[in-house]
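Notes follow once the structure below has been shown.
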Amino acid sequence: MLLQTLSTDGNMMVDSLAIMEPGKGDIGLLDLMIKGGYMMIPLYALFVLAIFIFVERIITLRKASKSPKHLMDQIKILVQGGHVEKAKILCAQESTPVANMISKGLERIGSPLKNIEVAIENVGKIEIYKLEKNLNLLATVSGAAPMIGFLGTVAGMIRAFIGVAQEEGMVSPKLLSTGIYEAMITTATGLVVGIIAYLGYNYLVTQVSKLVHNMEYTSIEFMDILQEK
C-alpha cells in the first residue's frame with residue numbers, strides 16, 4: 001500500500017514537471033495578436049492613430065515652445081527706441097505662437113491699447129486652437145479602444161459558446177478555454193491601447209497648458225511695454 005502511494009505521488013510529480021517544462025505550450029505575442037480575431041483590426045488602427053497623433057503633437061509643441069529667452073527684452077529695447085519694423089522682423093523670424101501674438105500687437109501700435117489687447121487675444125485663440133489640434137481625437141481613442149476590446153470579447157465568447165453548443169457528447173475543456181482566452185485577447189489589447197492613448201493625451205494637455213500660460217504672461221508683459229512707451 002505504501003509503495004503504491006509513493007508510486008502514485010511520483011507519477012503526479014513527473015506529470016507536474018512535464019506541464020511546467022519551459023517551451024511547451026508557450027504562445028508568442030504574434031500568435032496572440034492573430035488569434036484575437038477580426039476585432040483586433042480596428043484596435044491596431046487606433047493604436048497607430050494614437051501613436052501618430054502623439055508624435056506629431058510632440059514635434060509641434062516643441063517647435064512652438066522654442067523662443068529666445070531674451071525675446072521680450074529685445075522687443076522692449078526696439079519698441080522704446082522707435083524701431084518697430086525691426087521688432088516685427090525679429091518676430092517674423094521666430095514664427096512661434098508667442099512671436100505671432102507680439103507681431104500682431106506691433107502691427108496695431110498707434111491704436112488704443114484696448115484694441116491692441118483684443119487683437120493679441122484673437123491671435124492667441126487661433127494659436128491655442130492650433131496647439132490643441134487632434135487632442136480630442138486622441139481622447140476619443142482612449143475611450144473607444146477599451147469599448148471595442150470589450151465588444152470583441154463578447155463576440156468571441158458568443159462564438160465560443162455556439163461552438164460548445166454544436167459539439168455532440170462530452171465537451172472538451174480545451175475547446176472552451178481556447179475560445180475564452182482568444183476572446184479575452186481583444187479586451188487586453190483594447191485596455192493597453194486605451195491606457196497609452198489616455199496617458200499621451202494627459203501629457204499633451206499638460207504641455208499645451210504650459211504654453212498657454214507662457215503666451216498669457218508674454219502678452220501681459222508686452223502690454224506693459226506699450227504703457228511704458
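Observations on the model:
- For the set 159, 62, solvent exposure ranked by accessible area (probe 1.4 Å, protein chains only) runs largest to smallest as 62, 159.
- Ranked order, 48, 84 - accessible area, probe 1.4 Å, largest first: 48, 84
- Beyond 23 Å in Cα-Cα separation lie the following of the pairs 66/130; 66/104; 76/133: 76/133.
- Solvent-accessible surface of region 69-131, taken per residue with a 1.4 Å probe and all protein chains present: 58 Å².
- Greater than 19 Å apart at Cα, pairs in 125/210; 63/86; 63/210: 63/86
- You can think of it this way: the chain between residue 89 and residue 136 has 13.4 nm of extra reach, that is 0.36 nm per residue less the Cα-Cα gap.
- Computed over region 69-131, relative contact order equals 23 percent, with contacts defined as Cα pairs under 8 Å that lie 6+ residues apart.
The values are calculated or read from the model by the stated rules, or taken from the named source; none is laboratory data. All of these numbers come straight from a predicted model, not from anything done at the bench. Note: areas computed on protein heavy atoms with side chains; ligands, DNA, RNA excluded. Shrake-Rupley method; radii C 1.70, N 1.55, O 1.52, S 1.80 Å.
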